[in-house]
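What follows is a single structure, written as structure tokens, with notes after it.
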Amino acid sequence: MQLYYKPGACSLAAHIALIEAGVPFDLVAVDTDTQRTGLGEDYRAINPKGYVPTLRLADGRTLSEGAAVLQFIADRHPEAGLAPHAGSFARAELQEHLNYIASEVHKAFKPFFAGPTVEGEAREAAAAHVLDRLGHMEAVLADGRPYLDGETFSVADAYLFVVAGWAGHVGISLADLPRLERFLARVAERQSTRAAQRAEGLLT
Ligand SMILES: N[C@@H](CCC(=O)N[C@@H](CS)C(=O)NCC(=O)O)C(=O)O
């Protein structure tokens, strides 16, 4: 199994999930500007969408879209406890979180990573939008639960950890979201998270 990734990108969530699941896999870096992989492949031949993550199975089939990749990893390795059973209400709640993180939080960062650099009032508005979206995650954590689904770490936590972590990189303070800050610190201490970040060159 291979995970096509870009250091620190949303593919880091799948990387963390694979380590949590104890699955053997190879990491393949993607240069999304040139659409070449670290193995010299044409990335569009692997994922015509041109973005990461992509998971390639041993039989050559590929899966993209972070939320789908994360749930596939969790379902293939139920012993790791990374997602509640499919069909349960708890699973629907996990999907609610994954969809929200993908469509609302992840995409709220787009002005900071794609297109011309945002500055001035446009940057402030984009930052306010990110904080609004993250505010709903703060509300989920309001009852003091350590993770989005309660006591147990799930693939949604890996995804939230990655995208909320971008706030610091683009200069958005999370000081008004203290539960989210504590959540990020908690997930950052997990062995899987540290190992994935080290492998991507993000930690020494
Ligand atoms: N809809 C996709 C979006 C994936 C996505 O936005 N990937 C980003 C990195 S986080 C990417 O590869 N962007 C292209 C680039 O960085 O050049 C998903 O949910 O997986």
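Coordinate-derived values only; no laboratory data. What you are looking at is a predicted structure, and each value in this text was computed from that prediction instead of being measured. Please note: Cβ atoms are built from the backbone with ideal geometry, for glycine as well, and neighbour counts cover all protein chains shown.
Sort 198, 56, 186 by Cβ crowding within 10 Å, fewest neighbours at the top.
In order of increasing Cβ crowding within 10 Å: 198, 186, 56.
Mind putting a number on the dipole of segment 89-190 about its Cα centre? Charges go on the C-beta only, +1 for Lys and Arg and -1 for Asp and Glu, and I need it in Debye to the nearest 20.
240
Step through the residues of segment 189-194 one at a time and calculate ³J(HN,Hα) from phi using the Karplus curve (6.51 cos²θ - 1.76 cosθ + 1.60, θ = phi - 60°), rounding each to whole Hz and writing x for Gly and Pro.
My calculation for segment 189-194 gives 7, 5, 4, 4, 5, 5 Hz in order.
For a quick check: sort 1, 137 by the number of other beta carbons within 10 angstrom, fewest at the front.
Placing the least packed residue first, the sequence is 1, 137.
Which ordering of 190, 145 is given by a fewest-first count of other beta-carbon atoms within 10 Å?
On the way: 190 17, 145 14.
With the fewest neighbours first, 190, 145 line up as 145, 190.
List the relative contact order of the chain as a percent without decimals, with contacts defined as Cα pairs under 8 Å and 6+ residues apart.
It comes to 24 percent, rounded to a whole number.
Only Lys, Arg, Asp and Glu count, each charged at its Cβ (+1, +1, -1, -1), so figure out the dipole size of the chain about its Cα centre, rounded to 20 debye.
340
Amide H neighbours of residue 54 under 5 Å, at least 5 residues apart or on other chains, H built in the peptide plane: list them.
The list, which skips near neighbours in sequence, is 4.
Going through segment 115-201, which GluC sites (Glu not before Pro) have at most 14 other Cβ atoms within 10 Å and a DSSP loop state?
Those satisfying the criteria are 119, 151, 189.
Under the Kirkwood approximation applied to all pairs of distinct alpha-carbon atoms, what is the hydrodynamic radius of segment 3-119 in Å?
Averaging 1/r across every pair of different Cα atoms and inverting gives 15.3 Å.
When the expected Rg is taken as 2.2 N^0.38 Å, what fraction or multiple of it is the alpha-carbon Rg of the chain?
The reported ratio for this selection is 1.00.
Hey, what do the phi angles of segment 126-142 turn into as Karplus ³J(HN,Hα) couplings, whole Hz, using 6.51/-1.76/1.60 and θ = phi - 60°, x for Gly and Pro?
Computed from phi, the couplings for segment 126-142 are 5, 5, 5, 5, 4, 5, 4, 5, 5, x, 6, 6, 4, 5, 5, 7, 4 Hz.
Quick check: the distance between the Cα centres of segment 183-200 and segment 68-143, to the nearest angstrom?
Each part's Cα centre sits 17 Å from the other's.
Name the residue, out of 164, 125, 156, whose mean-square fluctuation peaks in a Gaussian network model built on the chain with Cα pairs under 10 Å.
Answer for the Gaussian network model of the chain: 125.
Quick one: pull the percentage of alpha-carbon pairs in segment 121-204 with a separation above 19 Å. Walk me through the intermediate numbers first.
Numbers: 1313 of 3486 pairs.
Across segment 121-204, Cα pairs with separations above 19 Å total 38 percent.
Based on DSSP H runs of at least 4 residues, each adding -39500 (n - 2.57), what is the mean residue ellipticity at 222 nm of the chain after dividing by all its residues, to the nearest 500 deg cm²/dmol? It would help to have the intermediate numbers written out before the result.
Numbers: 9 runs with 98 residues, N = 204.
Value at 222 nm, helices only, nearest 500: -14500 deg cm²/dmol.
Once phi is turned into ³J(HN,Hα) by the Karplus curve 6.51 cos²θ - 1.76 cosθ + 1.60 with θ = phi - 60°, what whole-Hz value does each residue of segment 166-172 show in order, with x for glycine and proline?
Those phi angles translate into 5, 3, x, 5, 9, x, 9 Hz.
Using DSSP, restrict attention to beta bridges with both residues in the chain and report what percent are antiparallel, rounded to the nearest 5.
Working: 10 of 14 bridges.
Close to 70 percent.
Stretch residue 152-residue 124 to full length: gain in nm at 0.36 nm per residue minus the Cα-Cα span?
Working: separation 28, 0.36 × 28 = 10.08 nm, distance 3.49 nm.
Stretched fully, the residue 152-residue 124 segment lengthens by 6.6 nm.
Evaluate E = 1/(1 + (r/R0)^6) for residue 194 and residue 143, where r is the Cβ-Cβ distance and R0 equals 25 Å; express this FRET efficiency to the nearest 0.05. Could the numbers behind the result be given before it?
Details: r = 27 Å, r/R0 = 1.09.
Efficiency computed from Cβ-Cβ geometry: 0.40.
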